[in-house]
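The values are calculated or read from the model by the stated rules, or taken from the named source; none is laboratory data. None of the values given here were measured: they were computed from a predicted structure. Here the Cβ is made from the backbone with ideal geometry for all residues, glycine too, and neighbour counts use every protein chain on show. Heads up: the accessible areas ignore ligands, DNA and RNA and are worked out on the full protein's heavy atoms, side chains in. Shrake-Rupley method; radii C 1.70, N 1.55, O 1.52, S 1.80 Å.
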Amino acid sequence: LLNLLEIPRTEPEPRLTVDAAAGQAVAKRFAAWPAPWIALGVGSSEPWKQWGATRFAELALALHRQRAGSIFIVGGPAERALADSIFSRINEGGGAAADAVALPLEQTAALLARCRAYIGNDTGVLNMAAALQVPAIGLFGGSAPLTHSRFICPVTPPPGALGMAAITLPHVLETLMRLSAR
């Protein structure tokens, strides 16, 4: 769009800055959650772009067992029921995750900026994480992978498989570990 409108770019890809007050609010609200932080973006604009409560809970529990860091469940108000299902499964499995659902947008940005990584469905929050220069693992089983940012690392179904259900937990964990090693 910038090219079509002949608007010059100062940077090769979008870049967000964090509001200082939002950063302070997030630091205060989540002070009990030790770093590093990992955000799981559970929202989706369409059902076929949704990885699902079970898989997100399994991912959170796997990260908890690996002591990978504090896990944050991120989503909008529409994801409250999905998030509650994920929290219930995490609690039943002996894990813990911070509730970052329905935060004001500027606080969501502040939270993401403090994260070591973001893992989530193909949504605006995935793009927000990338624009904050946070390594963002995008789950692309229902849409084509995004290629506009070097901070988005797409995970797709294996060859011959289709849909979000074909994206496996081991593949996501392997991608995270590969990014963490960089």
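Number of residues in the stretch 77-115 that are surrounded by fewer than 22 Cβ atoms within 10 Å (Cβ to Cβ) and in contact with a Phe, Trp or Tyr (Cβ under 6 Å, 6 or more places away or on another chain) equals 2. For the stretch 134-141, indicate whether the set of residues that are free of Cβ contacts under 8 Å to residues at least 60 places away in the same chain, touching a Pro at 6+ places or on another chain (Cβ under 8 Å), open to solvent by less than 10 Å² (accessible area, probe 1.4 Å) and not hydrophobic (A, V, I, L, M, F, W, C) is non-empty. For the stretch 134-141, residues free of Cβ contacts under 8 Å to residues at least 60 places away in the same chain, touching a Pro at 6+ places or on another chain (Cβ under 8 Å), open to solvent by less than 10 Å² (accessible area, probe 1.4 Å) and not hydrophobic (A, V, I, L, M, F, W, C): present.
Would you mind telling me which numbered condition in (1) under 27 Å from A20 (Cα atoms); (2) buried (at least 22 other Cβ atoms within 10 Å of the Cβ); (3) in contact with a Lys or Arg (Cβ under 7 Å, 6 or more places away or on another chain); (4) not β-branched (V, I, T) A130 fails? Looking at each condition in turn, A130 falls short on (3).
Does the stretch 56-76 contain at least one residue that is open to solvent by 30 Å² or more (accessible area, probe 1.4 Å), touching a strand residue (DSSP E or B) at 6+ places or on another chain (Cβ under 6 Å), at negative phi and not small (G, A, S)? Checked against the condition, which is being open to solvent by 30 Å² or more (accessible area, probe 1.4 Å), touching a strand residue (DSSP E or B) at 6+ places or on another chain (Cβ under 6 Å), at negative phi and not small (G, A, S), the stretch 56-76 yields no hits at all. For the stretch 51-84, taking the residues that are among the aliphatic types (A, V, I, L, M) and over 18 Å from P36 (Cα atoms), the one that is farthest from the chain's Cα centre (by Cα) is identified as A81.
Quickly run through the stretch 39-68 and pick out the residues that are in contact with a Ser or Thr (Cβ under 7 Å, 6 or more places away or on another chain) and either touching a residue at least 40 places away in the same chain (Cβ under 8 Å) or under 21 Å from A110 (Cβ atoms) (or both). Matches in the stretch 39-68: G41, G43, S44, S45, K49, Q50.
Looking at this structure, is I119 closer than 12 Å to I38 by Cα, in contact with an Asp or Glu (Cβ under 7 Å, 6 or more places away or on another chain) and either open to solvent by less than 10 Å² (accessible area, probe 1.4 Å) or among the hydrophobic types (A, V, I, L, M, F, W, C) (or both)?
Considered against the rule, which asks whether it is closer than 12 Å to I38 by Cα, in contact with an Asp or Glu (Cβ under 7 Å, 6 or more places away or on another chain) and either open to solvent by less than 10 Å² (accessible area, probe 1.4 Å) or among the hydrophobic types (A, V, I, L, M, F, W, C) (or both), I119 comes out as no.
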